[in-house]
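The values are calculated or read from the model by the stated rules, or taken from the named source; none is laboratory data. Just so it is clear, the structure is predicted and the values come from calculations on it, not from any experiment. A quick note on method: Cβ atoms are made from the backbone with ideal geometry, for glycine too, and the neighbour counts reach across all protein chains shown. Surface areas here come from the heavy atoms of the whole protein model, side chains and all, with no ligands, DNA or RNA. Shrake-Rupley method; radii C 1.70, N 1.55, O 1.52, S 1.80 Å.
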Amino acid sequence: MAGGGGGGGSGASPLGPAPPMWYHRDLSRAAAEELLARAGRDGSFLVRDSESVNGAYALCVLFQKHVHTYRILPDDEGFLAVQTSQGVQPKRFKTLPELVSLYLQPSQGLVTTLLYPVEREETAVSDDRDYSDGEDEKPPLPPRSSSTSTPPGPDTPTDSTPAANGLSTISHEYLKGSYALDLEAVKQGASSLPHLNKTLVASCKRLNGEVDKVLSGLEILSKVFDQQSAFMVSKMIQQVQSVNQGGDQELENLVTKLAILKDLLSSIEKKALKALQDMSLTSPCSPPPLHSMRHSKSIPVQAFEVKLDVYLAELTKIGKSQKYTLSVDVEGGRLVVMKKVKDNQEDWITYTHDKIRQLIKSQRVQNKLGIVFEKEKDKSQRKDFIFASAKKREAFCQLLQLMKNKHSNQDEPDMISIFIGTWNMGSVPAPKNVASWVLCRGLGKTLDEMTVTIPHDLYVFGSQENSVCDREWVESLRALLKEQTELDYKPIAVQTLWNIKLAVLVKPEHENRISHVGMSSVKTGIANTLGNKGAVGVSFMFNGTSFGFVNCHLTSGNEKIARRNQNYLDILRLLSLGDKQLSSFDISLRFTHLFWLGDLNYRLDMDIQEILNYINRKEFDPLLKVDQLNLEREKNKVFLRFAEEEISFPPTYRYERGSRDTYVWQKQKATGMRTNVPSWCDRILWKSYPETHIVCNSYGCTDDVVTSDHSPVFATFEVGVTSQFVSKKGLPKSSEQAYIEFESIEAIVKTASRTKFFIEFYSTCLEEFKKSYENDSQSSDNVNFLRVGWSNKQLTTLKPLLSEIEYLQDQHLLLTVKSLDGYESYGECVLALKSMIGSTAQQFHTYLSHRGEETGNIRGSMRVRVPSERMGTRERLYEWISVDKDETSGPKGKSAVVCRSGHEPSVIRKPLGELGKVSEEGERNSKEETAARPKQDGSDSDPSISKNSYNNPAYYILEGVPNQSAAAVSPELLPSPTSANPQAAKPPPPSAGARSKPPGAASGPPHPRRQVRAISEESSSEDDGGACVVGAQGGGVGSTLNRPPPDFPPPPLPKGALEMVPEAPFTKPRSLYPDLAEVRIPAAGSAAHGDAFRRGGVGAGALDDQSCSVLQMAKTLSDSEFPGQPPRAPSAPPPLRGQPMGLGLDACRTFPPRNPITESIAEDMPEEALWGSSSSSLSVGESSVGEWLQRLGLERYEQGLLHNGWDDLEFLSDITEEDLEEAGVHDSAHKRILLESLKQQQQK
């Protein structure tokens, strides 16, 4: 048994002769609670494998609607016992059935007698057959591989179950049966043990391959550094490797290899040292030639035809000519801006790379780019250009980033480019020319021809049904890359499971930056034992950034959605990659960046003729709405919080081989005609830590590779990386030590258990993981949810290894909430430290997940204290490009650009005080991922608006049941149709699911903390300036600062509800962060209306229609209200785009209930305005510099004012004409308008 470990005496199975029906082998904790909840009777029980200890079990019992869990542990002798309190003598049993039989009797110490076994559901054998599409008529045998770069052979058990390490299973089999045969042979006088020998040979098979690989590497080193003895070493290695006999001979050869390995390892360093010392004496200035350092061919100068973007009022100043040519010289580090004047004369200015201060992408106009040039005396000038297309703009940006990187004085890169490809080869060798695959040429979002030949830093090739042997496949890929880039790419990992292969190649210059390479595979084929379906994975560190890559081939067949979902969950749980210390976390949280690619085999749920008609018309949106993967992601069944670039290419399966003109959708089989509708089977998704940089620059498929019935798919990414940080000041002294301090943490977990919990903290910036004490508060108003809290005294202070802010702002903290009874995780999450740095505490709020399922949410207050001596930092290359959060109206609109005024501590954050920020992962939110999945919205609501489910317990209810919250809102809870905001009729759209601002604060100044971050293309304004449209944009989709990707927006609210307008602001302050004990989660069955609303704005796009919980006995949850307090209408919350006004937050609050004004505008409004104080001269509608300028029609000056520190209307009253001149206001009429307006404000 893979999941259950220790056996009883004499090698007997702990499960007895046959597993009893109440034993569920790989059942998750959440699924066990669901089964018991369905049973519904006190005394219902089952036994599953423990999630925390290999070889242990968990006995789960239902009593008074709560699930109680007891751990069953094996002792040193293999006997089983229920874990007891200290001092209580445990009762030991040889098998699980014996143990359970005791507790079927009353008064044995459990909370109740075991009465009703909950039996597992047996799956029919025929259900496992995976021949539905004809692609597996006869599952092919694994190919013979001659590759030396793949440590585990294809027939090696590489599943990451406990049985996969050799002896644990094979020896168990020997002790169960074969040893008796050896015993009989000895009795008859035999002098050898053939069956034991066979067991040892089989167990050491993988070791043999590993030793061969290491010996080959040491042989090369010996030839370089010890030429005299190299011949003898090679001869010895060849002798032992040439012997390939079984039995004793094979074991003897393994022992010989180990002896040679021992001698080589003990002597190679001394020999290398002597050789290098001799070399340094003879030619101190002549290092040995490194052929791998060949540079790629130089990049030619590229010219872009553009037009200058100007206001109509300024056309008279600049004349008629607006045509410019921008020439980028990457090698020379120059940008030439050339303007055609007249009579073919040209006027040009040359800027060196260090004079280009910033690139600012327009979010509204996809082909518009602002360039900030440095001029004399620390002044800068911005010019806006219109490119021929969005693709041209992206190519220009990539070339300038490449130029900046090439001429940077940094030793290590801030950013790398990654190519990812996936291709089901259809068991046919690849054609000679697949250059279009690696050059991203074809259909969909492709690279511009100017940048298509620039080599990427990493190439990742995933293939399925690949019958080519490993070595031949890798060499063909290397030859292809060399032909295109003139570089010898180095393979750093190749992992194979039958015909599923994953190869990772890296630029020669980065080879030494790769470390901690790991590989694994999981079989999900017939009965989870065949490798014709499954996944292979590779992980490694690139300097200080961790990467994971998974290539999978899931179950085929239109109707087998549930099986594919289970394949995904099995891979997520069993793939053994990354830091072993992070075993509590599934692989989706173990890496800074995780990429998942392959033939996922999800199909389209639509009639074949309709599909073909849509494809012919190139209308893909209706098809994407019925794409099974999109639908399952919408229900949070799979790929929780993953992102996928917008699909703009036709389905990649099932083509007629030899052509891309015809889909073959019918196949005659023995059971009848089989239909395989055209589908997007081949996909590339990713998931990244919050506040990291990642942009998808291309996503498409080839149209000229026709050997398979699948088309190859490609994607390219621009990814921020961190260096292996070395402190210039050494290890911190006690006075210079940074600290991570928590004030409180509160969580809601989805469970029927009532045990105590603790938190474990993991991070690469910590020497070892740390644990909190058990929670000191706990409550629940609903049987399906538990609210737990930790005060400051229960939470440990964490000490990072290094105290520099430059180091800490790249670090992340992983949290896992574990139970005291079984030490099992009830949910995990990741927090970015970057936004927590400062002297005052900041709030965080994010979702918890476990085994791919959302299991709750967690919030708290923390700070990262950095000593002043360690505050120095620098701008990253990827922060050099930001997004112009521009207009929703007017010729140019407002421009709240992220400023570049440095990274001193004073501008990294804004003090929280009592108003503060809500966080990070959840609150500040999923702007980029909305751009990453902008068109997969099946509702009629705005595609840019999405839900953010994890903050609402009602999310965890009925699976697949549409949200009925809008209909359940009672009239008395709705705000009255009056508005204190005169600008309510012109509402800005909130960011996707974000905590948006009311109209009055929508154009508020950028948060000082944001100044250490760049915002990439299509990021929403979030709390920097809420009026930013996030939608389906063409070019530059990406996400500089990652948030969990949004879920699919639900159906819109009824029109009547959307027409309601909130009341005037309240004046009585309320707590921003109420104690969770004050928050009531109503009992299941109460009216479900609270789940309709989101923090910071509500409406159609913010609803939660897909509640995906396994706890189906919970029908609905009503809103979370403070006891004894009637709901109050908030102050002008942000309305939906295209709708008259949104609903008020307080009308129906959900967990966590918050003051709506505090949430949405606390950062950017003065306290006097926020609390309605008479001392403030500002109205809600004029709460920011941007809004004030927009009202005057002079929003063009916002960037200059903010850049010069005029970011608050309270201080603008002191501004002079000279100050306005320095901020870029040169027009005397405009100066008068601004000064007169400020004077009027003061007189109010």
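For the peptides 401-411, 809-819, the ranking by mean Cβ contacts within 10 Å, running from highest to lowest, is 809-819, 401-411.
When the solvent-accessible area of segment 764-886 is split by element, carbon and sulfur atoms take up 45 percent of it, the probe being 1.4 Å.
Expressed as a whole number of Å, what is the distance separating the alpha-carbon centroids of segment 420-462 and segment 1189-1219? Segment 1189-1219 and segment 420-462 have Cα centres spaced 49 Å from each other.
Relative contact order of segment 464-513, please, whole-number percent, based on alpha carbon pairs below 8 angstrom and at least 6 residues apart. After rounding, I find 35 percent.
What is the antiparallel percent of DSSP beta bridges lying wholly in segment 382-540, to the nearest 5? The answer is about 75 percent antiparallel.
Most simply put, segment 528-640 has about 60% antiparallel DSSP beta bridges, counting only bridges with both residues inside it.
In the context of the full set of protein chains, residues of segment 401-494 present 35 Å² of accessible surface per residue (probe radius 1.4 Å, heavy atoms only). Ligands, DNA and RNA excluded, the heavy atoms of E77 present near 120 Å² of accessible surface to a 1.4 Å solvent probe. Label separation (K793 vs V255): 6.4 nm, computed from points 7 Å beyond Cα along the C-beta direction. Note: segment 418-544, Cα convex hull, 126 Å³ per residue. With a cut-off of 10 Å between beta carbons, the residues surrounding L604 carry a summed charge of -2, where Lys and Arg count +1 and Asp and Glu -1.
Packing, as the average of other Cβ atoms within 10 Å across residues, places the peptides 16-27, 583-594 in the order 583-594, 16-27, highest first. Using amide H atoms built 1.01 Å from N in the peptide plane, name the residues 5+ places from D884, or on other chains, whose amide H lies under 5 Å from its own. Answer set, sorted by chain and number: K361, S362, Q363. How large is log10 I(q)/I(0) at q = 0.11, 0.13 Å⁻¹ when the Debye formula is applied to the Cα atoms of segment 402-488, each weighted equally and without solvent? Per q value, in the given order, log10 I(q)/I(0) is -0.38, -0.51. Both the radius of gyration and Dmax for segment 524-573 are 13.3, 44 Å, in that order, over alpha-carbon atoms. Once backbone amide H atoms are built at 1.01 Å from N, S380 has K375 as its partners under 5 Å, excluding neighbours fewer than 5 places away on the same chain.
Here segment 718-819 was treated as a single set of alpha-carbon atoms; its pair distances binned every 5 Å from 0 give 2, 11, 20, 17, 15, 11, 10, 7, 5, 2, 0 percent.
Sorting 634-647, 659-672, 209-222 by average packing, meaning the other beta carbons within 10 Å per residue, from highest down gives 634-647, 209-222, 659-672.
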